[in-house]
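**Student:** Here it is, the structure in full.
The values are calculated or read from the model by the stated rules, or taken from the named source; none is laboratory data. Since the structure is predicted, the reported quantities are computational estimates derived from the model, not experimental observations. All Cβ positions, even for glycine, are placed from backbone atoms using ideal geometry, and neighbour counts span all protein chains on display. Just so you know, the surface numbers come from the protein's heavy atoms only, side chains and all, with ligands and any DNA or RNA stripped out. Shrake-Rupley method; radii C 1.70, N 1.55, O 1.52, S 1.80 Å.
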Amino acid sequence: NYYQPQDDSTPKLEACPDVKCHVSLTLVFDSSGSVGKTDFDSQLDFAETFVEILGRKALEFNLKVCTGIVVYSTDVEVPVNPCCDNHICAVSKIIKNMRYHGGSTNTAGALKVARQMLQGTSNHNKHVILITDGKSNTGGDPVPIANDIREDGAKIIVIAVGNNVDENEIKNIMDSDEYAHIDSFDSFHDLAVELTKKNKESSISKSFSELCEATEYDDFKSCVKETCKWGSYWGQCEAKKRSGSCYQYKNCVASGVVVDQQERRCYTCREESRYPVHNFPYNRHHIPRKRSI
């Protein structure tokens, strides 16, 4: 029977048994207050690197990777649903645009969503990569749901983040005394091989971004069945990743998923941003532009 959580606070996802994949992968990001923005950005850097390595293998060997993304703090969000026709190149773009939330640590709720994702698609090669500091403090004990995911036939890989992790919780979720820390992780290739079962070295000289530029793929808007609703307010002024320029964002959301976004420059970025800050005066006559995510 297909699992769905009974509580009202956890997102419910529909099964999609007609979606067939070579690999089902769910990436789970801890965006709680105990992690903090700097370590959340470290999670995104990790995910970008891994998805690029995994994506090159997928593109070279024509493998379909059905990817789900879960971001959680007090609440659980689903930026990417694996039931959508989500090309690995589009997934990479989503990761680059995810932002830190703060709040409590609802790891159990996040794993409930991950379990639905992995049950939803049709294949037997299923993995969860959970990046967390292991400091759950709301939503219940995450260990029982982690055990349920393993009983479903999926593997859970936990990557610790931060300087003060709860080792006991991480080991119990992973059901192993061994786990990796994000600062010392260098087994991206080995992890991609484990997921794809392709140990052959790539014969393609092009980078992942070059391969994506040469590949036709759809974004995620085609799989959103509801009309998205624009928020009433702009978010906090923050530094845009890589460029360091200051921007505010407004989201258009459908079914809990951000499917479109507007941005505008603003005065001063938040002090806790890890990226260099360049302050630009806001042009009150500037019309915010939409950007594709």
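**Student:** Could you order peptides 168-180, 91-103 by the average number of other Cβ atoms within 10 Å of their residues, highest first?
**Tutor:** Ranked from most to least packed, the peptides come out as 91-103, 168-180.
**Student:** Quick check on packing: order 145-156, 127-138 by the mean number of other C-beta atoms within 10 Å, highest mean leading.
**Tutor:** So the order, starting with the most tightly packed, is 127-138, 145-156.
**Student:** What Rg and what Dmax come out for the range 159-201 when only alpha-carbon atoms are used, in angstroms?
**Tutor:** Rg then Dmax for the range 159-201, in Å: 12.7, 38.
**Student:** Next question. What shape does the range 88-188 have by the C-alpha gyration tensor, where a ≥ b ≥ c are the square roots of the eigenvalues, rounded means a/c under 1.5, and otherwise prolate means a/b greater than b/c and oblate the rest?
**Tutor:** rounded
**Student:** If you don't mind, another one. Using each residue's phi in the range 124-131, evaluate 6.51 cos²θ - 1.76 cosθ + 1.60 at θ = phi - 60° and report the 3J(HN,Hα) Karplus result to the nearest Hz, with x for Gly and Pro.
**Tutor:** Calculated HN-Hα couplings, in order: 10, 10, 10, 9, 10, 10, 9, 10 Hz.
**Student:** Show which aspartates and glutamates lie in cross-link reach of Lys20 when reach means a straight Cα distance below 13 angstrom and same-chain residues fewer than eight apart are skipped.
**Tutor:** Partners within reach: Asp85.
**Student:** Which parts of the range 49-93 would a label at Lys229 reach, counting a residue when its backbone N lies under 17 Å from a point 7 Å out along Cα-to-Cβ?
**Tutor:** 78, by backbone N distance to the label point.
**Student:** OK, next. Let's test the formula: R0 of 30 Å, r as the Cβ-Cβ distance of Asp190 and Asn123. What FRET efficiency results, to the nearest 0.05?
**Tutor:** 0.90
**Student:** Name the shape class, rounded, prolate or oblate, that the alpha-carbon gyration tensor gives for the range 2-71, where a ≥ b ≥ c are the square roots of its eigenvalues, rounded holds for a/c under 1.5, and otherwise prolate holds if a/b is larger than b/c and oblate otherwise.
**Tutor:** oblate
**Student:** Please calculate how many Å² of accessible area the range 93-133 carries per residue, with a 1.4 Å probe and no DNA, RNA or ligand atoms counted.
**Tutor:** Per residue, the range 93-133 has an accessible area of 26 Å².
**Student:** Between Gln236 and Ser104, how high is the FRET efficiency from 1/(1 + (r/R0)^6) when r is the Cβ-Cβ distance and R₀ = 22 Å? Nearest 0.05.
**Tutor:** After rounding, the FRET efficiency stands at 0.70.
**Student:** Just add up the charged neighbours of Tyr3: K/R +1, D/E -1, any other residue whose Cβ is under 10 Å from the Cβ of Tyr3.
**Tutor:** Here the count lands on 0.
**Student:** Once you have the Cα-Cα distance between Gln6 and Glu213, take 0.36 nm times their residue separation minus that, and quote the gain in nm to one decimal.
**Tutor:** Result: 70.3 nm gained on full extension.
**Student:** While we're here: I want to check the label-to-label distance for Asn168 and Lys206. Put each point 7 Å from Cα in the C-beta direction and report it in nm to one decimal.
**Tutor:** Each label point is offset 7 Å from its Cα along the Cβ direction, giving 5.2 nm.
**Student:** When ranked by the protection proxy of mean other Cβ atoms within 10 Å per residue, highest first, what sequence do the peptides 9-20, 35-46 form?
**Tutor:** Packing proxy ranking, top to bottom: 35-46, 9-20.
**Student:** Once you order the gyration tensor axes a ≥ b ≥ c over the Cα atoms, which shape class does the range 71-131 get: rounded for a/c under 1.5, otherwise prolate or oblate by comparing a/b with b/c?
**Tutor:** Oblate, because a/c is 1.5 or more while a/b does not exceed b/c.
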